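Visitor: Before I ask anything, here is the structure I am working with.
The values are calculated or read from the model by the stated rules, or taken from the named source; none is laboratory data. What you are looking at is a predicted structure, and each value in this text was computed from that prediction instead of being measured. As a convention, Cβ positions derive from the backbone with ideal geometry for all residues, glycine included, and neighbour counts pool all protein chains shown. Accessible surface areas use protein heavy atoms only, side chains included; no ligands, DNA or RNA. Shrake-Rupley method; radii C 1.70, N 1.55, O 1.52, S 1.80 Å.
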Amino acid sequence: MWQTPTRRGVLEGVAVGGLVPVAATGTAAARTAVQDAPIDVTIQETNSPVETGAVLEVTATVENGGSGSLSTDAVLVVGHDPTVVDTRSIQVGAGATETVELTFETAIVDNDQEFPVWVVVDGAADSTNVLAYADAPPVAIEIFRTNDPLATGEVLEVTARLETEGDVSATETVELIVGHNPTTVDSATVSVQSGGGRLVTLEFETAIVDNTQEFPVRVVGSSDSAERTVRVIGRNDDPVETDVTFTSCTRAEVSGTFGDGDSVAASTGFYNEGGGEPLYGNTLLEDWIEIGTHVDAPFSGTIVFEIGDERDVSTTPDGARVEVPDYGELGTVLTGITLPPDYPTATISRSNPQAQSCLEEIESGAGGEGTLSVSIDGTNAPVDAGDFLEVTAVVENTGGGSASGTVALVVGHDPQEVDSTTVSLESGASETVSLGYTTYPAAQTTEFPVRVETPDDSAVRSVTVYGTES
């Protein structure tokens, strides 16, 4: 919560309902009085800034440094003409610390006001400044995400996060302004609740252009703005230009822009038990994604092909994921990717350069004494309840031989596995994996642990999900 630096001092002659003369807190006498007293008072937080007429909340801790139990009052004093506004009885054991919450209903004012507050206990005091807004509080704006790069003529989506400061809510009108010659193309008026903010998405149907263009977009409110550069791919540029990367034996990443009806497919090789010698098998283009059917067209982003438990296609924050079944009892390898121009002839466009060695390792049963260590590289938290939470982790084989295993994402205080993938790494090699799941549409903002596990190691990080009522 908002809080200015505090200062310590002694308030003398405290009387409920009366004015409170303030001692010269900068004098040595005042400082010594606090330091020598067995009571120490510290303001921990306030809900400042608040709207005029709202209740100000002040939370403080009281530490009893004496040898006996303390039974006394904690007093809240406010204003440039200090006035006692709240009193709470407290009991603090010898050497113990207690927390006390004090409140004050602020006055209705015409102008923003900043004023001091004190928490006083038996001559010991702590103070801070607080702020009451007379008018609508400022709303901070940041661009949370965009859906670019996108094809010319597609609808650009710009999602911004709006937040107020402190325990205040506001109604805010934001505008989407695009281009080097700024033009307002969309606007929205929304209610921004305290304690979490909200997301708002603004849209703009891009013009049909021949050449790829980059231009600025701005989200502008009454007191703040945010800007980002976006990219629109023109008609003269190849809409299916792609970059194919095989990050391991079991994972491939295909980045590019694709049109309606385009298909991208994966082929595999695998081994099954044969009652002696392993039996080899393969698939050709049996696992694919079709733009316009599995995902909206046109599509720009990254398509991840990954060996998993069953055939599935799903969307991700960066694009899409195609889960390829583990066809082999002994293991399955992604051997190639087929891009749209080669799809009608069932031709592999890009072969996995690791495929042969991966298959030989499965056939020979080589595994060595590898160790899959893991560390969390990042997350896209905080996210809104109901949105996709993504966790990126780095898996490294720190052992002396090759290693294969499952990398799982486990979330919550009551641990639950929500996603997994498999990796196969030579000694000393590493791989970045992306795991995630669609969060539950919970009403309240929550913070919980996410853990990435391998058979040999795990890493944990805390994330925040904003509630739907925040």
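Per-residue answers, yes or no, for (1) open to solvent by 60 Å² or more (accessible area, probe 1.4 Å); (2) closer than 22 Å to Thr422 by Cβ; (3) at pLDDT 90 or above; (4) outside any loop (DSSP other than H, G, I, E, B):
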site	(1), (2), (3), (4)
Gly281	no, yes, yes, yes
Leu284	yes, yes, yes, yes
Ala297	no, no, no, no
Ile303	no, yes, yes, yes
Ile307	no, yes, yes, yes
Glu323	no, yes, yes, yes
Pro341	yes, no, no, yes
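Visitor: Which of the residues spanning the stretch 447-467 are crowded, with 16+ Cβ neighbours inside 10 Å and closer than 23 Å to Gln193 by Cβ?
Guide: Result: Val463, Val465, Tyr466, Gly467.
Visitor: Any idea which of (1) surrounded by fewer than 17 Cβ atoms within 10 Å (Cβ to Cβ); (2) closer than 30 Å to Gln354 by Cα; (3) touching a residue at least 60 places away in the same chain (Cβ under 8 Å) is the one Gly428 doesn't satisfy?
Guide: (3)
Visitor: State whether the residues of the stretch 196-204 include one that is closer than 29 Å to Gly467 by Cα, part of a loop (DSSP other than H, G, I, E, B) and either of a type outside the set (Lys, Arg) or within 22 Å of the chain's Cα centre (by Cα) (or both).
Guide: Yes - at least one qualifying residue is present in the stretch 196-204.
Visitor: Would it be correct to say that Val394 is farther than 17 Å from Thr316 by Cβ, at pLDDT 90 or above and either touching a Lys or Arg at 6+ places or on another chain (Cβ under 7 Å) or not in a strand (DSSP E or B) (or both)?
Guide: It is false that Val394 is farther than 17 Å from Thr316 by Cβ, at pLDDT 90 or above and either touching a Lys or Arg at 6+ places or on another chain (Cβ under 7 Å) or not in a strand (DSSP E or B) (or both).
Visitor: For the subset of the stretch 214-253 comprising residues that are in a strand (DSSP E or B), touching a residue at least 24 places away in the same chain (Cβ under 8 Å) and open to solvent by 60 Å² or more (accessible area, probe 1.4 Å), which member is nearest to Thr189 (Cα to Cα)?
Guide: Applying the filter and picking the extreme gives Arg218.
Visitor: Any idea how many residues of the stretch 418-447 are of a type outside the set (S, T, N, Q) and under 24 Å from Leu162 (Cβ atoms)?
Guide: Counting residues in the stretch 418-447 that are of a type outside the set (S, T, N, Q) and under 24 Å from Leu162 (Cβ atoms) gives 5.
Visitor: Taking the stated definitions as given, is Glu369 outside any strand (DSSP E or B) and either open to solvent by 60 Å² or more (accessible area, probe 1.4 Å) or modelled with pLDDT of 85 or more (or both)?
Guide: Yes; evaluated as a whole, the condition is true for this residue.
Visitor: Is it the case that the stretch 63-72 has a residue that's under 15 Å from Thr128 (Cβ atoms), surrounded by 15 or more Cβ atoms within 10 Å (Cβ to Cβ) and hydrophobic (A, V, I, L, M, F, W, C)?
Guide: No: zero hits.
Visitor: A further question on this structure: Which ones in the stretch 153-165 are open to solvent by less than 30 Å² (accessible area, probe 1.4 Å) and not in a strand (DSSP E or B)?
Guide: Within the stretch 153-165, Gly153 is the sole residue that qualifies.
Visitor: Which residues, taken from the stretch 96-112, are in contact (Cβ under 8 Å) with a residue 40 or more places away in the chain and within 34 Å of the chain's Cα centre (by Cα)?
Guide: If the condition is that a residue be in contact (Cβ under 8 Å) with a residue 40 or more places away in the chain and within 34 Å of the chain's Cα centre (by Cα), then Thr99, Val100, Glu101, Leu102, Thr103 are the ones that fit.
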